[in-house]
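Heads up, the thing below is written out as structure tokens.
The values are calculated or read from the model by the stated rules, or taken from the named source; none is laboratory data. These figures come from a predicted structure and were not determined experimentally. Cβ placement follows ideal geometry from the backbone for every residue including glycine, while neighbour counts extend to all protein chains displayed. Keep in mind that these areas ignore ligands, DNA and RNA; they rest on the heavy atoms of the full protein, side chains included. Shrake-Rupley method; radii C 1.70, N 1.55, O 1.52, S 1.80 Å.
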Amino acid sequence: MRMVDIIAKKRDGHILSKEEIQWFVEGYTNDDIPDYQASAFAMALYFQGMTQEEAAALTFAMAASGDQLDLSKVEGVKVDKHSTGGVGDKTTLILGPLVASIGVPVAKMSGRGLGHTGGTIDKLESFQGLKTELSQQEFIRLVNENKIAVAGQSGNLTPADKKLYALRDVTATVDSIPLIASSVMSKKIAAGADAIVLDVKAGSGAFMDNVQDAKKLAEAMVRIGNSLDRKTMAIISNMDEPLGRYVGNALEVKEAVETLKGNGPKDLHELSVTLAAHMAVSAGKAANEKEAGRMLEKVIADGSAVQKMKQFVQSQGGDASAVDHPEMLQTAAVKQDVTADKAGYVQAIHAADIGKAAMMLGAGRTTKEDVIDHTAGIELHKKVGSHVEKNETIATLYTSNKETAAVEQMVQNAYTIGENSITAPTLIYDTIR
Ligand code: URA
């Protein structure tokens, strides 16, 4: 095969065979195909799109391009959950202990964050001493013993995706639904999932800023997963305002602990229980979401979900006293209130701007080398639909940095306050199977 022929075939709108896609992925991973040809190919894919079969072939080839996690020694159906990312999204921290406490095994590989706040590993490191560098043996032993373990990404998972994603980032070819869907699904498949539950976000703080595009992405991912024999479903959820009330690593852990105790904010509680119910059904632990929901509410109410969090933190060497005393996770040196510049009802909170503000306070990284301030972040006292008085506190900034004026302004500007009362926004727009 010649790469020039494959590029021309796609450029002219023809359908590529599985073998041609596989040949490209192998050649690009091994550096046999140069970046200039891969760039032209990515642009052809961007304009011509891909059939469902082509996207599945790309996903499969990228998943097979490096190490694949073998979870066959973990008992039960391994269900992974993936969120396309949003501001204040700490659901992974909640879902792990929640589903593990009803017997669904959670063998989770997670990453560090680049952008508004940390990734799950950064958040978990808010527990003193918690270790996420686990050998494969230790990881599997912990999942079999406790039903939950979370490890940092190690080894050489999906090198083809790493290389292609980096190339897409600098060739204006990221925003292609089949390419995004293949990229995400290749990582889930290499991480060993039997079943996959996707939370595709739509709104001002998400990759997809509207529900229609989020739905198209969800449909593409669900089709890929199912065609590769992974039972896959997705929900489309609202990311037009941050999820819950806290943004920032230790603050999000505090909110996750409170949610596991049944004291979480309504949106975070509802989204977590919905996703956990889908995971429980996919794992065969409940006949339907309603039954799963009842089981999950029970383990929240009787304390077993938070107990599972404690066991998980201790089993990975962390100091779990913050699970009993979540206020230990709210210790930033500087606390600065942000007030409303007028009275009225909160109409919108621009999620991406709140994420950027949290990053400026130290909660996120701009480069991989940046060091995160785990204590930094933002507490949102007012969410969409709340009434506020002029000069009332709408948010509190937490940071180690004494100079907060610019961030205060940014957070104030992220709030739109108007005269008319509005109803609470829809949280879950749709379910795709
Ligand atoms: N996230 C991914 O992992 N891949 C994409 O292509 C886009 C977002």
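Calculate the spin-label point distance for Lys266 paired with Asn420, positioning each point 7 Å from the Cα along the beta-carbon direction, and give it in nanometres.
2.0
With only Lys, Arg, Asp and Glu charged, each at its Cβ (+1 for the first two, -1 for the last two), find how big the charge dipole of the stretch 1-54 is about the Cα centre; round to the nearest 20 debye.
In total the dipole reaches around 220 debye.
Using the charge dipole of the chain (Lys, Arg: +1 at Cβ; Asp, Glu: -1 at Cβ; taken about the Cα centre), state which of Val384, Ala107, Gly152 has its Cα farthest towards the positive end.
Ala107
Using a 1.4 angstrom probe, figure out how much accessible area the stretch 295-398 has per residue, in square angstrom, rounded to the nearest whole.
Result: 44 Å² per residue.
So between Ser135 and Glu26, what do we pick up on full extension, going 0.36 nm a residue minus the alpha carbon distance?
The span from Ser135 to Glu26 would gain 36.5 nm if fully extended.
Quick check on the chain: helices-only [θ] at 222 nm, where DSSP H runs of length 4 and up contribute -39,500 (n - 2.57) each and the sum goes over total residues. Nearest 500, please.
-13500 deg cm²/dmol
If you split all Cα-Cα distances of the stretch 109-230 into 10 Å bins from zero, what percentages do you get per bin, shortest first?
Calculated over all Cα pairs of the stretch 109-230, the distribution is 11, 34, 38, 15, 1 percent.
Considering the alpha-carbon set of the chain alone, what are its Rg and its Dmax in angstrom?
Calculated on Cα positions, Rg and Dmax stand at 21.8, 68 Å.
How about Lys231: which aspartates and glutamates have a C-alpha closer than 16 Å to its C-alpha, ignoring those fewer than 8 places off in the same chain?
Partners found: Asp80, Asp194, Asp199, Glu219, Glu289.
Using 0.36 nm per residue, how much length does the chain from Ser17 to Asp341 gain when fully extended, once their Cα-Cα distance is taken away?
Residue separation times 0.36 nm, minus the Cα-Cα distance, leaves 110.7 nm.
Convex hull volume of the Cα atoms in the stretch 1-159, per residue, in Å³?
Cα-based convex hull of the stretch 1-159, divided per residue, equals 150 Å³.
Classify the stretch 224-349 from the C-alpha gyration tensor, please: rounded if a/c falls under 1.5, else prolate or oblate depending on whether a/b exceeds b/c.
It comes out oblate by the Cα gyration axes.
Between the stretch 76-116 and the stretch 1-57, what is the C-alpha centre distance in whole Å?
The stretch 76-116 and the stretch 1-57 have Cα centres separated by 32 Å.
Sticking with the crude label model, points 7 Å out along Cα→Cβ, report the distance from Asp319 to Lys298 in nm, one decimal please.
Going from the Asp319 label point to the Lys298 one covers 3.7 nm.
Evaluate E = 1/(1 + (r/R0)^6) for Thr331 and Thr431, where r is the Cβ-Cβ distance and R0 equals 51 Å; express this FRET efficiency to the nearest 0.05.
0.85
Just in the stretch 402-433: which GluC sites (Glu not before Pro) are loop by DSSP and have at most 13 other Cβ atoms within 10 Å?
Passing both the DSSP loop test and the Cβ count: Glu403, Glu419.
Using a 1.4 angstrom probe on heavy atoms only, work out the carbon and sulfur share of the accessible area of the stretch 31-103 in %.
With neighbouring chains kept in place, the figure for the stretch 31-103 is 51 percent.
Quick one: pull the percent of accessible area on the stretch 193-341 belonging to carbon and sulfur, 1.4 Å probe, ligands and nucleic acids left out.
Heavy-atom surface of the stretch 193-341 belonging to carbon and sulfur, 1.4 Å probe: 47 percent.
Listed here are the pairs Lys108/Lys163; Lys108/Lys383; Lys78/Lys308; which of them are more than 27 Å apart at the Cα?
From the list (Lys108/Lys163; Lys108/Lys383; Lys78/Lys308), the Cα-Cα distance tops 27 Å for Lys108/Lys383.
At a Förster radius of 51 Å, what calculated FRET efficiency corresponds to the Cβ-Cβ distance of Glu53 and Asn391, to the nearest 0.05?
Efficiency computed from Cβ-Cβ geometry: 0.30.
Taking 8 Å as the Cα distance limit and 6 or more residues as the minimum spacing, I'd like the relative contact order of the chain as a percentage.
Contact order relative to length: 20 percent.
Which residue, Val253, Asn226, Ala44, has the largest displacement toward the positive end of the dipole of the chain when charges sit on each Cβ (Lys, Arg +1; Asp, Glu -1)?
Asn226
Among rounded, prolate and oblate, which fits the stretch 29-84 when a ≥ b ≥ c are the square roots of the eigenvalues of its C-alpha gyration tensor, a/c under 1.5 means rounded, and a/b larger than b/c means prolate?
Prolate is the answer for the stretch 29-84, as a/c is 1.5 or above and a/b outweighs b/c.
Using a Förster distance of 22 angstrom, determine the FRET efficiency expected from the C-beta separation of Ser154 and Ser72, and round it to 0.05.
0.75
Let me spell out the model: positive unit charges on the Cβ of Lys and Arg, negative unit charges on the Cβ of Asp and Glu, origin at the Cα centre of the chain. What dipole size does that give, in debye rounded to 20?
700
Holding the Cα-Cα limit at 24 Å, pick out from Lys254/Lys285; Lys131/Lys187; Lys147/Lys215 the pairs that are longer than that.
Lys254/Lys285; Lys147/Lys215
Please report the spacing between the Cα centers of the stretch 413-433 and the stretch 257-330 in Å, no decimals.
When both Cα centres are located, 25 Å separates them.
Please compute the contact order of the stretch 1-71 in relative form: average sequence separation of alpha-carbon pairs under 8 Å and at least six residues apart, divided by the residue count, as a percent.
42
Can you give me the C-alpha center-to-center distance between the stretch 117-173 and the stretch 341-371, rounded to a whole angstrom?
24
Given H placed on each backbone N at 1.01 Å, which residues far from Arg365 in sequence or on other chains put an amide H within less than 5 Å of it?
Residues meeting the amide H criterion: Gly115.
Using Cα-Cα distances under 8 Å and only pairs 6 or more residues apart, what relative contact order does the stretch 83-189 have, in percent?
25
Find the accessible area per residue for the stretch 147-285; the probe is 1.4 Å, ligands and nucleic acids are left out, and the unit is Å².
Counting only protein heavy atoms, the per-residue value for the stretch 147-285 is 31 Å².
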